[in-house]
Amino acid sequence: MTVKQFFIYIFLVVAASTTLFAQVKFEAKVSKNKLGVNERLRIDFEMNKDGDNFVPPNFEGFDVVGGPNTSVSNSWFNGKRSYKKTYSYFLSPQKRGTFTIKQAKIEIEGEIYKTFPVTITVTAAVDKPNGPPDASDIASEKIHLVAEVSKTNPYLNEAITVVYKLYVSPETGVSNWREKDNPRYNDFWSQNIEIKGLNIQNGKYKGEDYRFVVLRKTVLYPQKSGELKIEPLVLDITVEVPTNRTDIFGRALMTKVPQTVTAGSRTINVKPLPEKGKPADFKGAVGDFSLEVTTSKTELNATESLQAKVEVKGKGNLKLFELPKLTTPSSLEVFEPEHRENVRTNITGMQGSISDTYTIVPQYKGKYPIPSVSFSYFDLATETYKRISSDEIVIDVLEGPTAALNSNEPKTPSAIKQPVNTTTNTFAFIKTSTTLKERSTRAFFKSQLFWALLLLPFFTIPLAVLFRKRKEKLDADVVGNRIRKADKLAKKYLSKAKKNLNQKEAFYVALEKALHNYLKAKLNIETSDFNKERISQLLSDRGAEETAVNAFMSILENCELARYTPFTQVTMQNDYDKAAKTISLIDKQLR
């Protein structure tokens, strides 16, 4: 062998090994080829090089219940790099039969690669999985969302509490979750109780040890009797399930599985309030209350004012009934009351007070009684109606004119008729003679107003020219107009959130709604299409930079976490400033 032939041989060997090492692999792997109609299938699309424009098959015959989940791994062994990227889907069969999952496509280094079709056989429902249970089966058995109702047969307008708990078995974990469908409390007055932080607690679920967190507490007041439905809370959860593989320390490796859990609907049988003994003036108050009627003063002069307050205190449906009206003599001018509520709602229901404050102005001297005010309510402890009344209050008007006696008014000692004295000067204010003045007949022509109107156009023409040039200059400033438009758009969408900076829950609800409205306006997508992967993809496709997209997604995550974690005033202000800056930045970049 000559030297030349030797080098050619070496070159061919090196080229062949390089080609073998650089060979692209793109294949579809399934968790099982045969499953029951009540089981789930996992399919992974794996590649050994990073690619773009991944197109999954349409999964005919299956419903996609999870995914796509993307995972990337890099490893080095004996100085060689190993790369793997995987797109994972979780499928639920629609019916029995044999189905073919068609080819998936991806572009790697400018070339299009396809997977081989996979045939799946779906049998009748099975009691146990055929073979070892997959991660999705384990996750469904180890994660439970429970709605605990304090009372299932309350009275109308009696407070009940719904507590949502997420139970997780000790050998599994949860990395994140989001609310997929919030419960609607039709025919209930409802209020969520703020939860400061998610505290992990130990408890029992169906006799087994579990860990749980309280996700939500809601107080409900039924507004009609009969069977009322509480719609379920639905969560999308990423569950960490142990696999059969272990790391170098012998610990089980975890795999992440998307899971949808629901608390299930609950039925509440609401009892009507008894008709026996119901007072004619009953306004719907249910609970335990006290009544107080007070005035700011009882002695004053005519045309001065005083305040009379009708206040009900206690525990019950304070925001859901009307206070009794204050009645006064017609000689007292009474203005519309100012309604105030000092009510706090905790896990047991509403507590505090509500009041109507009347401003009263007496017109005449005398003594005027404010009659007793009566209030009735249904007492839950005794299941009977009770009535409470206030004391009569007398207002003494010391100085002022004296009113004429009226048969409809209570007679008071000071109500005495006064004679009317007439004099010859009674009608002195009427004029009986006139003084005429000559009216000027000066012509409009050549007057100051005539010359001003004549010269006005000559002054306005230069101003119009300057205004037009400035407008043309602004119209030509494309970049500046885009910046101004973006800033204006950010302020428009975030105006409501700014008004609620002092209220955490209201602020983050308004902020999340502003971000969603912005996406709907700019990307033409519906709320049902919102998910992080789709939003990121659409923003990137429209030209938004990665840093801006990541900032936008982090704000959305803060809105989701705000209901479950304590946020300070500074945090909310930072999130507001970041949202305004990010919306403005993305709007400048979108094309």
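Among residues belonging to region 83-118 that are under 17 Å from Pro56 (Cβ atoms) and among the basic types (Lys, Arg), point out the one that is least open to solvent (accessible area, probe 1.4 Å).
Looking at the filtered set, the residue picked out is Lys85.
For region 326-350, which positions are without any contact (Cβ under 8 Å) to a residue 40 or more places away in the chain and either open to solvent by 50 Å² or more (accessible area, probe 1.4 Å) or out of contact with any Leu (no Cβ under 8 Å at 6 or more places or on another chain) (or both)?
So in region 326-350, the residues without any contact (Cβ under 8 Å) to a residue 40 or more places away in the chain come out as 333-344.
Glu333, Val334, Phe335, Glu336, Glu338, His339, Arg340, Glu341, Asn342, Arg344, listed by residue number.
Can you name the number of the only condition in (1) at pLDDT below 80; (2) closer than 27 Å to Tyr167 by Cα that Thr152 fails?
So the condition that Thr152 fails would be (1).
Can you name the residue in region 23-80 that is among the hydrophobic types (A, V, I, L, M, F, W, C), farther than 23 Å from Asp541 by Cβ and open to solvent by 80 Å² or more (accessible area, probe 1.4 Å) and is also modelled with the lowest pLDDT among such residues?
By that ranking, first place goes to Phe77.
Assess whether Pro258 counts as being open to solvent by 10 Å² or more (accessible area, probe 1.4 Å) and under 20 Å from Gln223 (Cα atoms). Can you show your working first?
Values: open to solvent by 10 Å² or more (accessible area, probe 1.4 Å): yes; under 20 Å from Gln223 (Cα atoms): no.
Here the answer is no, as Pro258 does not meet what is asked.
Test of understanding: among Ala285, Ala302, Ala308, which residue is touching a Pro at 6+ places or on another chain (Cβ under 7 Å) and surrounded by 12 or more Cβ atoms within 10 Å (Cβ to Cβ)? Give the steps one after another, and end with the answer.
Numbers: Ala285 fails: touching a Pro at 6+ places or on another chain (Cβ under 7 Å); Ala308 fails: touching a Pro at 6+ places or on another chain (Cβ under 7 Å).
Just one listed residue meets the conditions, Ala302.
What are the residue pairs meeting all of these: first residue in region 313-324, first residue of a type in the set (A, V, I, L, M), second residue assigned to a strand (DSSP E or B) and surrounded by 17 or more Cβ atoms within 10 Å (Cβ to Cβ), Cβ atoms under 6 Å, and 6 or more apart or on different chains?
From residues that are of a type in the set (A, V, I, L, M), the pairs are Leu318/Met350; Leu318/Ile354; Leu323/Val310; Leu323/Asp356.
Is it true that some residue in region 337-346 is among the aliphatic types (A, V, I, L, M) and more than 30 Å from Val163 (Cβ to Cβ)? Walk me through it before giving the result.
Pass one, region 337-346, residues among the aliphatic types (A, V, I, L, M): 343.
Next, only the ones that are more than 30 Å from Val163 (Cβ to Cβ) stay: none.
Scanning region 337-346 turns up no residue that is among the aliphatic types (A, V, I, L, M) and more than 30 Å from Val163 (Cβ to Cβ).
Give just the number: which of (1) loosely packed, with under 15 Cβ neighbours inside 10 Å; (2) closer than 29 Å to Arg344 by Cα does Lys297 not satisfy?
(2)
Within region 349-387, work out how many residues are over 25 Å from Phe335 (Cα atoms) and not acidic (Asp, Glu). Working first, answer last.
Initial filter on region 349-387 (over 25 Å from Phe335 (Cα atoms)): 349-352, 377-387.
Still in the running and not acidic (Asp, Glu): 349-352, 377-378, 380-382, 384-387.
Here the count works out to 13.
How many of the residues making up region 57-74 are among the small types (Gly, Ala, Ser) and farther than 12 Å from Arg42 by Cα? Working first, answer last.
First, the residues of region 57-74 that are among the small types (Gly, Ala, Ser): 61, 66-67, 71, 73.
Now restrict to residues that are farther than 12 Å from Arg42 by Cα: 61, 71, 73.
Count: 3.
Select, from Tyr205, Tyr164, Tyr210, the only residue that is more than 19 Å from Thr238 (Cβ to Cβ) and hydroxyl-bearing (Ser, Thr, Tyr).
Values: Tyr164 fails: more than 19 Å from Thr238 (Cβ to Cβ); Tyr210 fails: more than 19 Å from Thr238 (Cβ to Cβ).
Exactly one residue qualifies, and that residue is Tyr205.
Residues of region 462-487 being open to solvent by 100 Å² or more (accessible area, probe 1.4 Å), among the aliphatic types (A, V, I, L, M) and at pLDDT 70 or above, which ones?
Leu463, Leu466
Among residues belonging to region 344-395 that are charged (D, E, K, R) and assigned to a strand (DSSP E or B), point out the one that is nearest to Leu318 (Cα to Cα).
Keep residues of region 344-395 that are charged (D, E, K, R), which gives 344, 356, 365, 367, 379, 383, 386-387, 391-392.
With the extra rule that they be assigned to a strand (DSSP E or B), the set shrinks to 344, 356, 367, 379, 386-387.
On the way: Arg344: 10, Asp356: 13, Lys367: 34, Asp379: 13, Lys386: 16, Arg387: 16 Å.
Among those residues, the one meeting the criterion is Arg344.
Inside region 519-550, can you point out the residues that are at pLDDT 80 or above, in a helix (DSSP H, G or I) and open to solvent by 20 Å² or more (accessible area, probe 1.4 Å)?
Once the filter is applied, which keeps residues that are at pLDDT 80 or above, in a helix (DSSP H, G or I) and open to solvent by 20 Å² or more (accessible area, probe 1.4 Å), region 519-550 yields Ser536, Gln537, Leu538, Ser540, Asp541, Glu546, Thr547, Asn550.
When Glu275 is evaluated against the numbered criteria (1) open to solvent by less than 40 Å² (accessible area, probe 1.4 Å); (2) out of contact with any strand residue (DSSP E or B) (no Cβ under 9 Å at 6 or more places or on another chain), which criterion, by number, is the only one it fails?
Answer for Glu275: the failing condition is (1).
The values are calculated or read from the model by the stated rules, or taken from the named source; none is laboratory data. On a predicted model such as this, the values are computed, not experimentally measured, just so you know. Using ideal geometry, Cβ is built from the backbone for each residue, glycine included, and neighbour counts are taken over all protein chains shown. Surface accessibility is based on the protein's heavy atoms, side chains included, excluding ligands, DNA and RNA. Shrake-Rupley method; radii C 1.70, N 1.55, O 1.52, S 1.80 Å.
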